[in-house]
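Take a look at the structure below.
The values are calculated or read from the model by the stated rules, or taken from the named source; none is laboratory data. Source: prediction; values computed, not measured. Heads up, the Cβs are rebuilt from the backbone with ideal geometry, glycines too, and the neighbour counts pull from every protein chain shown.
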Amino acid sequence: MAEKGPDGADKSGDQDWTGPTATRFENKAYSEYFDPCQDAATKSIRCLNRNGGDREMCSDFFQAYRDCKEQWMNARKEARKKKSFWAKLSDSPKEA
């Protein structure tokens with residue numbers, strides 16, 4: 001069974017970063033800020049407000065946000081590698 005986060009959502013790390021989130025990120029205006037982990041950030045802030053700023057009470061929410069950001073950054077790195085000029089050169093057949 002998959003591990004659940006503080007909000008009851010699946011926390012297994014199998015989030016699909018190639019689906020609608022990636023599409024929305026790729027199609028945004030260059031100057032537009034887009035945070036795919038905004039939901040986790042909002043839940044962290046709500047937890048702090050609900051618990052009078054006690055960070056210890058919200059550590060699960062903070063960890064869920066950090067995990068989300070780490071997954072997103074890794075997915076972006078992989079996407080950039082696949083699009084890079086050098087990656088295309090290394091994938092081309094070598095002449096002998």
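Some values worked out for this structure:
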read-out	value
Close pairs from segment 59-73: first modelled with pLDDT under 95 and among the basic types (K, R), partner outside any helix (DSSP H, G or I) and buried (at least 17 other Cβ atoms within 10 Å of the Cβ), Cβ under 7 Å, at least 6 apart	K69/C37
Check on R66, part of a helix (DSSP H, G or I) and under 18 Å from the mean Cα position of the chain (by Cα)	yes
Inter-residue pairs, beta-carbon under 6 Å, first closer than 13 Å to R76 by Cα and in segment 24-37, second part of a loop (DSSP other than H, G, I, E, B) and modelled with pLDDT of 70 or more, 6+ apart	F25/F34
